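For reference, the structure discussed in these notes is given below.
Derivation of every value follows stated rules applied to the coordinates shown; laboratory data play no part. Being a predicted model, the structure only gives us computed values, none of them experimental. Glycine also receives a Cβ, built like all others from the backbone with ideal geometry; neighbour counts cover every protein chain displayed.
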Amino acid sequence: MNQFIWDVTLWILASPIYLVQWLARLIRRWRFWRFAYVPATTCSVCGSAISLVGMWRCRCGFQAVGHLLRVCPVCQSLPRMVRCFVCGATVKLPEL
């Protein structure tokens, strides 16, 4: 019975920490999925629109047509940044 009380006490103390971790993960994934369904983003330097839909080349060399934030069928990776075609600056993409 003493071990049961100890386990319940630890569970009660750890639950708020697990809840905060779960909420942080949920917010991070929500940002990613929200970004994955828009056709364009804005450049943080010049303010021009950067299209996320088109022909893209993965770092492994595979080329595909579609949205940038889709998993590469060859190497299973996601891109980490996109370059602005107007000013050449790079914009960091959200991670999953």
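Checked against the criterion of being over 22 Å from GLY88 (Cα atoms), under 17 Å from the mean Cα position of the chain (by Cα) and of a type in the set (Val, Ile, Thr), the candidates VAL20, VAL71, VAL38 yield just one match: VAL71. The number of residues in region 24-52 that are hydroxyl-bearing (Ser, Thr, Tyr) and over 18 Å from ARG70 (Cβ atoms) comes to 3.
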